[in-house]
Amino acid sequence: MTDLAVRTTGLTKRFGSQTVVDAIDLEVPTGSVYGFLGPNGSGKTTTIRMLLALVAPTAGEVELFGEAMPARAAAVLPAVGALVEGPAFHPYLSGRRNLHRLDAADRTADPSTARRRVDGALDRVGLLAAADKRFRAYSLGMRQRLAIAGALLTPKDLLVLDEPTNGLDPQGTREVRQLVGSLAGDGTTVLVSSHLLAEVEQMCTHLGVMHVGKLVAQGTSVELRSDGNTEATVETDSPGDAARVLAELGLTEIHTTASSATGHLGEVAPEKVVAACVHAGVSVVGFRVGRPSLEDLFVSLTGEGFDVSG
């Protein structure tokens with residue numbers, strides 16, 4: 001097992017004159033939960049399809065667990081589970097029968113253990129009680145869960161989930177988050193493409209941010225958020241005076257409210273802020289320091305809101 005479950009080098013995809021994925025170097029550490037972020041049209045799904053050998057790249061290389069793709073696809077893909085662009089099942093069959101048909105198509109699966117594995121996968125995603133309902137009677141959230149169950153019929157080293165919480169209610173979303181956490185705890189590497197920043201922030205150890213086909217940032221969640229400007233907020237009844245003190249200290253992007261002044265610390269030590277305010281005669285009711293949220297980071301990297309298409 002290599003240190004990287006997924007590695008791409010200069011991965012590029014063009015459709016005619018349009019470059020959809022532009023020379024990205026993706027690195028997904030083995031055992032991580034990697035959040036793959038980007039607005040619609042940023043190239044996430046096309047990248048995932050190239051990783052799984054569903055689409056041939058125009059240029060560049062893909063490796064899964066150190067094996068070149070698509071040359072070694074037959075050897076590697078049995079250990080990879082995927083949910084890409086929504087589930088597709090037979091509407092007239094039950095959830096259980098759909099999974100049995102999916103399992104029967106897997107040449108690496110043991111038919112003698114099919115029933116136990118199908119029921120185990122259904123139970124893991126909370127669908128065992130609805131296993132005998134026809135797929136067409138399933139809600140969108142239930143369909144998403146069944147697709148995840150299909151990806152878990154046999155043990156996987158890598159699980160690729162494209163918008164796994166699409167259509168789920170808050171309880172279902174929490175269950176998927178817990179499922180991802182338990183899979184990672186068992187040693188499975190999980191690559192999650194999502195637009196739900198709050199969910200990604202809670203479940204992912206590593207992040208990659210796509211924008212207009214380019215990978216604009218990549219690293220651990222802590223690293224990327226610490227790269228952003230840490231904010232210091234002084235709560236006071238004299239926000240104008242506090243803002244002046246912050247500016248004199250060298251804080252930037254200072255703004256005020258009726259009861260506070262906030263600025264980016266940069267290289268200024270947080271403890272200097274309160275001392276400088278007190279020395280200047282500014283009353284300090286409260287003080288806090290916070291890293292930018294994942295949404296703040298995304299906007300700073302792309303210059304736009306998350307739902308804006310590239």
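The table that follows gives values for the structure above.
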| quantity | calculated |
| --- | --- |
| Within region 165-210, tally of residues that are over 17 Å from Ile48 (Cβ atoms) and of a type in the set (Val, Ile, Thr) | 3 |
| Out of Ala147, Ala184, sole residue that is assigned to a helix (DSSP H, G or I) and more than 14 Å from the chain's Cα centre (by Cα) | Ala147 |
| Subset of region 151-172 (residues that are within 23 Å of Val28 (Cα to Cα) and part of a helix (DSSP H, G or I)) | Ala151 |
| Residue in region 33-55 that is farther than 26 Å from Ala149 by Cα, crowded, with 17+ Cβ neighbours inside 10 Å and hydroxyl-bearing (Ser, Thr, Tyr) present | yes |
| Residue, surrounded by the fewest Cβ atoms within 10 Å (Cβ to Cβ), within region 187-206, restricted to residues that are part of a helix (DSSP H, G or I) and at pLDDT below 85 | Ala198 |
| Counted residues, region 200-216 - those being in contact with a Gly (Cβ under 7 Å, 6 or more places away or on another chain) and either without any contact (Cβ under 8 Å) to a residue 12 or more places away in the chain or hydrophobic (A, V, I, L, M, F, W, C) (or both) | 8 |
| Residue within region 104-116 that is of a type in the set (Asp, Glu), modelled with pLDDT under 95 and surrounded by 17 or more Cβ atoms within 10 Å (Cβ to Cβ) present | no |
| Ala232 being over 20 Å from Ser42 (Cβ atoms), touching a helix residue (DSSP H, G or I) at 6+ places or on another chain (Cβ under 6 Å) and at pLDDT 85 or above | yes |
| Breaking point among (1) more than 19 Å from Ile48 (Cα to Cα); (2) in contact with a strand residue (DSSP E or B) (Cβ under 8 Å, 6 or more places away or on another chain); (3) acidic (Asp, Glu), for Asp162 | (1) |
| Any hit, region 187-197, residues being in contact with a Lys or Arg (Cβ under 7 Å, 6 or more places away or on another chain), within 28 Å of Leu93 (Cβ to Cβ) and of a type in the set (Ser, Thr, Tyr) | yes |
| Those residues of region 1-25 which are hydrophobic (A, V, I, L, M, F, W, C), surrounded by 22 or more Cβ atoms within 10 Å (Cβ to Cβ) and farther than 18 Å from Pro164 by Cβ, in sequence order | Leu11, Val21, Ile24 |
| Any hit, region 207-218, residues being in a loop (DSSP other than H, G, I, E, B) and not assigned by TED's automatic domain parsing to the domain that holds Val274 | yes |
| Residue tally, condition out of contact with any Gly (no Cβ under 6 Å at 6 or more places or on another chain) and in a helix (DSSP H, G or I), over region 243-263 | 6 |
| Unmet criterion (only one of (1) modelled with pLDDT under 95; (2) surrounded by 19 or more Cβ atoms within 10 Å (Cβ to Cβ)) for Asp227 | (2) |
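The values are calculated or read from the model by the stated rules, or taken from the named source; none is laboratory data. Not measured: the values here are computed from a predicted model. Here Cβ is always computed from backbone atoms with ideal geometry, including for glycine, and neighbour counts include all displayed protein chains.
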